[in-house]
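Each remark here refers to the structure printed beneath this line.
Just so you know, all these numbers are worked out from the coordinates, no wet-lab data involved. No experiment lies behind these values; they were computed from the predicted model shown. Here the Cβ positions follow ideal geometry from the backbone for every residue, glycine too, while neighbour counts run over all protein chains shown.
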Amino acid sequence: MKQKLMSGMRPTGKLHLGHYIGVLSNWVSLQKDYDCFYGVADLHALTTKYDNTEDLQQNIIDVVLDWLSCGIDPKESTIYVQSQIPQVCQLHVLLSMITPQNWVERDPTLKDMAKILKNKSENTSSVSYGLMGYPVLMTTDILIFNAQYVPVGIDQVAHIEITRDIARRFNNLYNTDFFIEPKPLLTHVPMLLGVDGQKMGKSFNNDIKISDDEKTTEEKILKAITDPNRMRKSDCGNVENCQVAFKYYEAFAKDNQELLNQVKEECHSAQIGCRDCKKRLACLINEKFAPIRQKRTELSSNIDELKQIIDEGNKKVQIENQKVLDKVNEIMHMYK
Ligand code: TRP
Ligand code: SF4
């Protein structure tokens with residue numbers, strides 16, 4: 001039997017190339033070796049966007065469209081929406097009782113999220129009780145499957161540490177070995193930066209979407225920063241100092257050493273200008289995503305079918321998760 005793996009993403013809208021390189025392409029290749037469950041973490045979206053829920057449904061659909069078009073196969077993996085699984089909410093309450101307050105307070109990722117929220121509004125009440133429970137809710141997502149592995153980007157590893165701590169604490173408190181301490185599965189490519197060299201993100205306006213059209217992709221790529229010492233086309237460049245454009249080459253042509261060598265060579269000898277170099281990069285990315293974008297267009301013309309995939313996933317997950325919840329209730333001597 002295959003080992004179990006689960007992961008999730010917050011529905012922030014259409015996914016960008018950073019999601020693809022850092023997480024999604026990994027999810028796709030893990031499907032054949034593991035029994036995979038991929039959840040849209042819409043309750044997690046509420047921890048910061050509780051005052052802006054109009055786009056939530058569309059964002060969920062957009063995320064699932066991106067997953068399917070990039071190759072998550074519903075025949076192989078189970079796709080579901082977190083808020084539709086009552087068992088998640090039940091286990092979350094139980095785990096929140098056994099989690100020490102100072103464990104969530106020291107979660108570095110959570111601290112960062114709270115800081116961003118506080119900066120956005122002078123109002124300190126913008127950080128909700130629910131946000132403090134973020135790592136416990138994420139722990140619940142994982143433990144409700146008793147999954148062995150969690151494929152995530154490097155930014156999520158601190159949360160998985162808390163998950164392991166909570167699993168261990170549960171086992172110690174109730175003298176059991178029921179919960180598996182899950183392990184993160186990291187992709188070995190670092191997160192892709194935005195075209196401006198900062199962290200890639202929708203809110204920073206520096207991202208390229210998987211679903212952007214070819215022209216938009218090229219326009220955005222042409223803005224990508226290059227070797228800052230290369231002022232004129234006649235200056236020799238150095239790919240080591242080309243923090244965005246060359247990194248994209250490395251990410252999207254990682255199996256094409258010949259092309260990478262050629263870029264290096266042409267850059268170092270000033271045979272190519274940055275603009276042409278980036279045009280070629282845009283072509284490479286557009287070629288890579290052409291079939292994915294095509295598939296996305298097809299899938300979006302039949303949203304009912306997409307919803308059916310999600311509904312079937314939800315049902316399957318509810319049954320699967322109830323088994324774990326029953327066992328937890330029994331271990332904790334809850335009323336029956
Ligand atoms: N916190 C994750 C993110 O922001 C999303 C997430 C929610 C998740 N639940 C999860 C990831 C469970 C892995 C496992 O990307
Ligand atoms: Fe970067 Fe290409 Fe310009 Fe060299 S030629 S600095 S690799 S964009």
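Residues in region 48-53 carry Karplus couplings, in order, of 10, 10, 5, 9, 8, 9 Hz; the curve used is 6.51 cos²θ - 1.76 cosθ + 1.60 with θ = phi - 60°, and Gly or Pro positions show x.
Label-to-label distance, Q308 versus E105, with points set 7 angstrom from Cα along the beta-carbon direction: 5.2 nm. Taking other Cβ atoms within 10 Å as a rough exposure proxy, Y80, Y335, Y134, Y50 sort from fewest to most as Y335, Y50, Y134, Y80.
Only Lys, Arg, Asp and Glu carry charge here, each on its Cβ (+1 for the first two, -1 for the last two); on that basis region 190-241 has a dipole of about 140 debye about its Cα centre.
Checking the Cα-Cα distances for K295/K316; K111/K288; K202/K278; K75/K278; K75/K111 against a 29 Å cut-off, the pairs over it are K111/K288; K75/K278; K75/K111.
Arranged from fewest to most other beta-carbon atoms within 10 Å of their beta carbon, C274, C242, C236 become C236, C274, C242. The phi-based Karplus calculation (6.51 cos²θ - 1.76 cosθ + 1.60; θ = phi - 60°) puts the 3J(HN,Hα) values of region 179-191 at 7, 7, 7, x, 10, x, 10, 9, 7, 8, 8, x, 3 Hz, whole numbers, x for Gly and Pro.
Compute, for the chain, the length of the dipole vector about the Cα centre, with Cβ point charges of +1 (Lys, Arg) and -1 (Asp, Glu) only. Units Debye, rounded to 20. Write down the numbers at each step before the final one.
On the way: 42 positive and 45 negative charges, 78 e Å.
Its charge dipole is roughly 380 debye.
Under a 5 Å amide H cut-off, with hydrogens placed 1.01 Å from N, K199 pairs with G194 among residues at least 5 apart or on other chains. Pairwise Cα distances in the chain exceed 28 Å in 47 percent of cases. Based on alpha-carbon atoms, the Kirkwood radius and the radius of gyration of region 223-330 give Rg/Rh equal to 1.32.
Using θ = phi - 60° in the Karplus curve 6.51 cos²θ - 1.76 cosθ + 1.60, the 3J(HN,Hα) couplings for region 157-162 round to 5, 4, 5, 5, 4, 5 Hz; x is entered for Gly and Pro. Over the chain, with a Gaussian network built from C-alpha contacts below 10 Å, which listed residue (P100, P190, P74) shows the highest mean-square fluctuation? The residue with the greatest mean-square fluctuation here is P100. With each label modelled as a point 7 angstrom along the Cα→C-beta vector, the K336-M97 pair spans 1.5 nm. With neighbour counts taken as other beta-carbon atoms within 10 Å, the residues V239, V189, V40, V127 rank, fewest first, as V189, V127, V239, V40. Taking the inverse of the mean reciprocal distance over all distinct Cα pairs, the Kirkwood hydrodynamic radius of region 182-227 comes to 12.1 Å. Against the longest alpha carbon principal axis of the chain, how many degrees, from 0 to 90 and to the nearest 10, is the axis of helix 303-331 turned? The angle comes out at about 40 degrees.
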